[in-house]
Amino acid sequence: MANATLAADDREPWTSRLRDAGFWAEWAALVGLVVLVVVFQVLNPTFLSTGNIASMLLAAAILIVLAVGQTFVIATAGIDLSIASTMTLGAVVLGQAYSAPWGLPLSCLLAVVAAALAGMVNGVIIAWGRIADFIVTLGMLSAASGLALILADGKPVTIIDPALLALSTGGLGIFGWSFVIAVVVALVAHAVLFHTRFGTHLLATGGAPESARAMGISTQRVKIAVYTISGTLAGLAAILLVARIGAAEPASNTSFLLNSVAAVVLGGVSLFGGRGTIIGPVIGALLLVALVNGLTLLGVSQFYQPLAVGVVVVLAALLTRFQR
Amino acid sequence: MTARPNPGTPAGEPLLDCRGVSLAFGSVRALVDVSLSAREGEITAIVGDNGAGKSTLVRCVSGIHRPDSGHIEFDGAETSFHSPEDAREAGIETVHQNLALVEDLTVWQNLFLNREVVRRLGPLAVLDRRAMRARAKEMVSKLAVNVPAVRSRVRRLSGGQRQAVAICRAAGFSSRLVIMDEPTAALGVQETARVEELIRALRDEGHAVMLISHNFAQVIRLSQQVWVMRAGRCVGGRRTAGTTGEEIVALVTGALNR
């Protein structure tokens, strides 16, 4: 141990990190969230009331689940444009199965399986067909929403179920069950990404596919796995969506697609793959929900909300240029 | 001195023995009846012009290509590798020209890439990060000189440090033959010296090292045995101690045959 460099093994002190633009770029979402909360609280004191916090967390649940799925895909340098319409497909499957009537547990299972299959089809075509991610998932965006329309015959199905109602109304204090589920999903995703071999192989696949293959990692299997995970989480989000609106609609849900990508970008995950966190996109999702909620509380017209979201996301993307 | 009883010829069987290896890609004969060998505790250099077949031969040994004909014996047994993984299992490691590192992962993650150490937690396999970091520290410190911190990302390392990480990875995990494709091609003078130091350390540990190089001075400095390839054939072999840079250049260019 004669080497001085070995002693410097530990991470650099946090004070020097604070002066680094890269540090701020990586934590942009958290900084943005804090700034937004302070601004909105000053402008409208009901912003941080228990009721409003609870409703924001509930509203964030679906987006968090989708953003986690999107993170897995983007960390492999891909993108899943079909995530929201896969969720729609899952919701419609749930609605049809429930009104069949096959009972809630089986209906939920079918919803998740259908969405997972859609994701797996994406993955298989991308990995084996060697076609660009965004083309394949763009096709699935259309195919899945078309399938949803066909299955539902274009009509929504109202679902009144005590268990689903509890999911969207009950909870632990201010944490609704939907939000609790989203947090559990995020924790499991974090463990998978940073504490399993699969997680390491995923980051290697995204960061340097050639190197990963040279070390014997099957990048094709990783690709199929991440799209299947993304689809599965879209199916889970479908259950939360149906619980939230009390109906299964073949609606397009485009804003969920844009917001899931936005949350991931805000969370400092590189669009070029290979690096990312789970906590980042979760905070990104909270930020987007807080932004829309705060603007609504301030009485800003709904028409301004997409504009605000767009500006915030592009600013975040600019910040990522400073990442180390 | 009589005809050529190669000076310093060691006793014993070579670790790697290629005999009559041929490989064609369509009508291109990349390797024609190539025979050469490498021994443990020695640096065996392969030299030749671009397109002479050096890399193709190495790819056959490391399991990427399968020869059309001929034998590759490793440790006395005939090999038939179907993938680089098979070759790694057998103890043949390759340091690729592009190093095959993942820049966004840390040094220890790269050292253990696809060989991660896991703990069993019931049905789950969880990465044993602590064990891997500790072992990684040992691996890099053993090979000394300008050791990178195992927790830093590879992105932040210099070219020489990256090469050192790739070499450490090849040297670890009980490998017996380490193949290096142009390990110093992209390095400056100082870093080249450090990497050469590392290659010598590998040899002194008892590894067989196979070195592909365009740098004849380096070959003379480091190797014990030189094989010369030209147009897909192995046109000659010399003990380094009994040859000169001029003779090797003559073999490479074809001014001298055998």
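The values are calculated or read from the model by the stated rules, or taken from the named source; none is laboratory data. All figures in this text were calculated on a predicted structure; none of them were measured in a lab. So basically every Cβ, Gly included, is an ideal-geometry build from the backbone, and we count neighbours across all protein chains shown. Just the protein is used for accessible areas: all its heavy atoms, side chains included, with ligands, DNA and RNA removed. Shrake-Rupley method; radii C 1.70, N 1.55, O 1.52, S 1.80 Å.
Residues in region A:212-236 that are small (Gly, Ala, Ser), assigned to a helix (DSSP H, G or I) and open to solvent by 10 Å² or more (accessible area, probe 1.4 Å): A:Ala214, A:Ala225. Taking the numbered list (1) farther than 25 Å from A:Ala60 by Cβ; (2) away from chain B (no Cβ under 14 Å); (3) in contact (Cβ under 8 Å) with a residue 60 or more places away in the chain; (4) surrounded by fewer than 17 Cβ atoms within 10 Å (Cβ to Cβ) in turn, A:Phe134 passes all entries but (3).
Kindly establish whether A:Ile224 is closer than 19 Å to A:Phe134 by Cα, away from chain B (no Cβ under 14 Å) and of a type in the set (A, V, I, L, M).
Details: closer than 19 Å to A:Phe134 by Cα: yes; away from chain B (no Cβ under 14 Å): yes; of a type in the set (A, V, I, L, M): yes.
Criteria met by A:Ile224.
Evaluating B:Arg59 against the criteria (1) among the basic types (Lys, Arg); (2) in contact with a His (Cβ under 7 Å, 6 or more places away or on another chain); (3) within 10 Å of chain A (Cβ to nearest Cβ) leaves one unmet condition, (3). Scanning region A:90-101 for residues that are within 19 Å of A:Ala143 (Cβ to Cβ) and open to solvent by 10 Å² or more (accessible area, probe 1.4 Å) turns up A:Val93, A:Gln96. If the condition is being of a type in the set (D, E, K, R), at pLDDT 90 or above and on the phi < 0 side of the Ramachandran plot, then region B:29-53 contributes B:Arg29, B:Arg39, B:Glu40, B:Glu42. Tell me, yes or no, whether region A:187-194 has at least one residue that is crowded, with 20+ Cβ neighbours inside 10 Å, away from chain B (no Cβ under 14 Å) and either in contact with a helix residue (DSSP H, G or I) (Cβ under 9 Å, 6 or more places away or on another chain) or touching a residue at least 40 places away in the same chain (Cβ under 8 Å) (or both). Yes; the residues of region A:187-194 include at least one that is crowded, with 20+ Cβ neighbours inside 10 Å, away from chain B (no Cβ under 14 Å) and either in contact with a helix residue (DSSP H, G or I) (Cβ under 9 Å, 6 or more places away or on another chain) or touching a residue at least 40 places away in the same chain (Cβ under 8 Å) (or both).
From the list A:Leu104, A:Leu57, pick out the single residue that is touching an Asp or Glu at 6+ places or on another chain (Cβ under 6 Å) and more than 22 Å from A:Ala143 (Cα to Cα). Give the steps one after another, and end with the answer.
Details: A:Leu57 fails: touching an Asp or Glu at 6+ places or on another chain (Cβ under 6 Å).
Answer to the check: A:Leu104.
If a residue has to be more than 14 Å from every other protein chain (Cβ to nearest Cβ), out of contact with any Ser or Thr (no Cβ under 6 Å at 6 or more places or on another chain) and not polar (S, T, N, Q) to count, how many in region A:251-277 make the cut? Summing the residues that are more than 14 Å from every other protein chain (Cβ to nearest Cβ), out of contact with any Ser or Thr (no Cβ under 6 Å at 6 or more places or on another chain) and not polar (S, T, N, Q) in region A:251-277 gives 10. Return the residues of region B:64-89 that are open to solvent by less than 40 Å² (accessible area, probe 1.4 Å), closer than 16 Å to B:Ser175 by Cβ and outside any loop (DSSP other than H, G, I, E, B); say none if nothing qualifies. Passing the criteria: B:Phe74, B:Ala87, B:Arg88. Of all residues assigned to region A:174-186, none qualifies as being surrounded by fewer than 16 Cβ atoms within 10 Å (Cβ to Cβ) and of a type in the set (Gly, Ala, Ser). Where strands (runs of 3 or more DSSP E) fall entirely within region B:94-181, those with at least 2 residues that are open to solvent by less than 30 Å² (accessible area, probe 1.4 Å) are at B:124-127, B:177-181.
I'd like to check something: does region B:158-165 contain any residue that is among the aliphatic types (A, V, I, L, M) and either under 23 Å from B:Ala208 (Cβ atoms) or more than 10 Å from chain A (Cβ to nearest Cβ) (or both)? Scanning region B:158-165 turns up at least one residue that is among the aliphatic types (A, V, I, L, M) and either under 23 Å from B:Ala208 (Cβ atoms) or more than 10 Å from chain A (Cβ to nearest Cβ) (or both). Checked against (1) in contact (Cβ under 8 Å) with a residue 24 or more places away in the chain; (2) buried (at least 24 other Cβ atoms within 10 Å of the Cβ); (3) of a type outside the set (Ser, Thr, Tyr); (4) within 14 Å of chain B (Cβ to nearest Cβ), A:Leu241 passes all but condition (4). For the structure I just gave you, tell me whether A:Val314 is open to solvent by 50 Å² or more (accessible area, probe 1.4 Å), farther than 16 Å from A:Val35 by Cα and either part of a helix (DSSP H, G or I) or hydrophobic (A, V, I, L, M, F, W, C) (or both). So A:Val314 passes the test. So which residues in region A:244-269 are among the small types (Gly, Ala, Ser), surrounded by fewer than 18 Cβ atoms within 10 Å (Cβ to Cβ) and more than 25 Å from A:Val180 (Cβ to Cβ), if there are any at all? Answer for region A:244-269, where residues must be among the small types (Gly, Ala, Ser), surrounded by fewer than 18 Cβ atoms within 10 Å (Cβ to Cβ) and more than 25 Å from A:Val180 (Cβ to Cβ): just A:Ser252. Kindly indicate the residue of region B:135-157 that is under 23 Å from A:Phe198 (Cβ atoms) and of a type outside the set (D, E, K, R) and also nearest to the other protein chains (Cβ to nearest Cβ) among those meeting that condition. Taking the candidates together, the pick is B:Val150. Would you confirm whether or not region B:34-43 contains a residue that is among the charged types (D, E, K, R), closer than 22 Å to B:Val235 by Cβ, part of a loop (DSSP other than H, G, I, E, B) and away from chain A (no Cβ under 14 Å)? Yes; the residues of region B:34-43 include at least one that is among the charged types (D, E, K, R), closer than 22 Å to B:Val235 by Cβ, part of a loop (DSSP other than H, G, I, E, B) and away from chain A (no Cβ under 14 Å).
Assess whether B:Ala38 counts as being among the hydrophobic types (A, V, I, L, M, F, W, C), within 13 Å of B:Cys18 (Cα to Cα) and surrounded by fewer than 15 Cβ atoms within 10 Å (Cβ to Cβ). Judged against the criteria, B:Ala38 is not a match.
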